[in-house]
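Asker: Here's a structure for you.
We did not get these values from a lab; they are worked out from the coordinates using the rules stated. As the structure is a prediction and not an experimental result, all values here were calculated from the model. Backbone-built Cβ (ideal geometry, glycine too); neighbour counts: all protein chains shown.
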Amino acid sequence: MPNRPLIPKGAPPPLAPYSPGTKAGNAIYVSGSLALDQQGQVIGLGDARAQTRAILESIKSVLAAGGGTMADVTYNMIFLKDLADYKAMNEVYREYFPKDPPARFCIRADLVRPEFLVEIATIAHVSAKPKRKAARRPATRRRRR
């Protein structure tokens with residue numbers, strides 16, 4: 001199954017050789033997202049809430065580039081530098097998944113740079129949109145000759 005990279009407008013420069021996301025069939029895979037602005041600077045230095053919000057907004061933009069929404073998310077993999085930030089991360093996370101939240105795991109891990117407090121990777125499944133039927137032309141009566 002072919003896949004295509006998803007790189008939303010305004011995405012920060014990647015820290016390594018990867019795409020922010022890929023779409024294969026109806027699945028969207030979002031790489032581990034970090035709290036970076038368009039210039040690659042950290043958002044919310046020392047603030048797990050601000051970093052979580054920036055990350056979830058980034059995930060939302062990658063999903064949109066593949067025709068998806070946060071409602072299509074089926075699985076999140078969450079990495080925290082310090083489990084003391086678990087409550088703060090969940091406060092923001094709940095805003096983005098208020099009802100029927102997706103499956104997930106959350107573990108403590110050393111992240112790629114010490115200023116990062118949160119990293120989230122995502123899997124989403126976008127339902128095929130039903131094709132619209134072509135508008136029917138009104139029947140015209142033919143003149144009898």
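Asker: Residue separation times 0.36 nm, minus the C-alpha to C-alpha distance between N90 and N26: what's the value?
Answerer: Details: separation 64, 0.36 × 64 = 23.04 nm, distance 2.77 nm.
Full extension of this stretch gives 20.3 nm more.
Asker: For Rg/Rh (Cα atoms, Kirkwood Rh), one of [x] 1.06; [y] 1.18; [z] 1.21 was computed from the structure I shared and the rest are decoys. Which label?
Answerer: So the calculated entry is the one marked [z].
Asker: Hey, any idea what the orientation-averaged projected area of the convex hull of the range 1-64's Cα atoms comes to, in nm²? Don't skip to the answer; put the middle values down first.
Answerer: On the way: hull surface 17.7 nm².
The directionally averaged projection comes out at 4.4 nm².
Asker: What is the set of long-range amide H partners of R104 at a cut-off below 5 Å, with H atoms built 1.01 Å from backbone N?
Answerer: N76
Asker: Per the helix-only calculation at 222 nm, which mean residue ellipticity applies to the chain, given -39500 (n - 2.57) for every DSSP H run of n ≥ 4 and division by its residues, nearest 500 deg cm²/dmol? Write down the numbers at each step before the final one.
Answerer: Details: 2 runs with 29 residues, N = 145.
-6500 deg cm²/dmol, from helical runs alone.
Asker: With label points built 7 Å along Cα→Cβ from the Cα atoms of F97 and A64, find their separation and express it in nm.
Answerer: 2.1 nm
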